[in-house]
């Protein structure tokens, strides 16, 4: 599927997650998010990614009940939050940094912004790998995160954070030099190997998204 | 009692389908020097990370100095197993070189940490930089600092991941001497390396890893001259071994000066 279609679906789900404020409709949008996740075969990864969100969802639920809102209203707010986060996750889990770059270019975003954004996305797994190696290196020098009071534990983060920042800065410097020596910024309108093209399948997806948007807007108004 | 014992060890990373270690069985004695070689992704670093319990086997048993790594924390095992990883930037964080060495010493409650740190820095030629930030050192000095900070708490086993990367000839010689004297003190050294020339000069026992398995285990002269093993593990014959093979020498020289001496002898030229 063309990444622009995926973006359109994600935007629709995101917008209606924000717009709806009653339980059945929020559940409906959430069901659509799950359907999108199932069809794109990322449901398990999506669920894994929402573990942290689940903690926040529970927190929102408890806080709202504690301050006196009804259980139904609190549940609606919690599921709405889950729906907002999941709808954006569906797009990012199904879209590679290259595709993201293409979409941003198509949206006429400035080249430097596109490059910075897609590079940041691309670097997430690399930085995660660095983080695990830094933790391994410091644990091998006797650093124990499990021991001590909260302040001591916070102090123990410096052997992790300093190498993490240094590694990220060195990497970004290397990257800056590497792209400069390969001509980044010379041409104002660089050519691209890939070009986005809508297929018949994409057009039919757009029709479905438009119909779904109309139906959900009808539900929103009436 | 052996220093390290791997008994039918299998290990798979959660993000991978294939096992990184497959039925690895090996025993390493105290005072032994072992070179671990093989192509990228062969399982060398995974093997090394099992030695101080950073990774625990999915199947099989890893024993270090008689202790099952599954029953021990990384910190407790690290008191006896010093690991130096490939990238110094993953380790260095302190404000000064001296504090960097002190970090491990304090974690392991070593007596007189200040004195120990000074002595180790002197041994590694880093004493003049003790008040400098570690990140201001050159690449080779950073690597030496990492090795110094692990040796400082005097572990019984030392695991070095690519120790010769970024080191000049003199530093390599110093490292070679250090490993030899380390072994002479009854301590074990494991070197994960692609530097065939360095391993050839060091003359350790060699473990060749390929696709998560131990492809060969033997003396450097035997393993590094077996073309089939070298081909299988994508390794290159060390230059001195290649020279010896081409000249038909039965005992290949260990160092370039040894080779030069032999050539001069054959030719009858003055030394």
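The numbers here are math on the coordinates, done by the rules we state, and not lab data. Keep in mind that what you see is a predicted model, and the values were worked out from it rather than measured. Cβ atoms come from the backbone with ideal geometry, glycine included; neighbour counts cover every protein chain shown.
Side notes on the structure shown:
- Convex hull per residue volume in Å³, alpha carbons only, for region B:125-271: 150
- Computing FRET efficiency as 1/(1 + (r/R0)^6) for residue A:193 and residue B:242, where r is the C-beta to C-beta distance and R0 is 56 Å, gives about 0.85.
- Here the gap between residue B:130 and residue B:23, fully extended at 0.36 nm per residue and compared with their Cα-Cα distance, gives a gain of 34.0 nm.
- Here the simple spin-label model places points 7 Å from the Cα toward Cβ, and for residue B:261 and residue B:211 these points are separated by 4.3 nm.
- For residue A:70 and residue A:221, the FRET efficiency from 1/(1 + (r/R0)^6), where r spans their Cβ atoms and R0 equals 22 Å, is about 0.35.
- For the protein assembly as shown, diffusion coefficient by Stokes-Einstein and Kirkwood Rh (Cα), 20 °C, 1.002 mPa s, µm²/s: 79
- Cα centroid separation - region B:35-109 against region B:237-257, whole Å: 35
- Note on chain A: Kirkwood radius taken over Cα pairs, Stokes-Einstein applied at 4 °C and 1.567 mPa s, translational D equal to 62 µm² s⁻¹.
- Counting DSSP beta bridges with both ends in chain B, the antiparallel % (nearest 5): 50
- Whether region A:67-178 is rounded, prolate or oblate, judged on the alpha carbon gyration tensor where a/c under 1.5 counts as rounded: oblate
- Extent along principal axes [Cα atoms of region B:94-152; Å; largest to smallest]: 30, 20, 17
- In nm, spacing of pseudo-spin labels at residue A:106 and residue A:56 (7 Å Cα→C-beta vector): 2.8
- In the protein assembly as shown, the DSSP-assigned H stretches of four residues or longer account for a calculated mean residue ellipticity at 222 nm of -17500 deg cm²/dmol, using -39500 (n - 2.57) per stretch and the full residue count as denominator.
- Rg to Rh quotient for chain B, alpha carbon positions, Kirkwood Rh: 0.99
- Beta bridges by DSSP in the protein assembly as shown, antiparallel share as percent, to the nearest 5: 50
- One quarter of the surface of the convex hull around the alpha-carbon atoms of region A:1-133 equals 9.7 nm², the direction-averaged projected area.
- Rule-of-thumb Rg ratio for region A:40-99 [Cα; 2.2 N^0.38 Å; N residues]: 1.34
- FRET efficiency for residue A:18 and residue A:207, using Cβ-Cβ distance with R0 set to 22 Å, rounded to 0.05: 0.40
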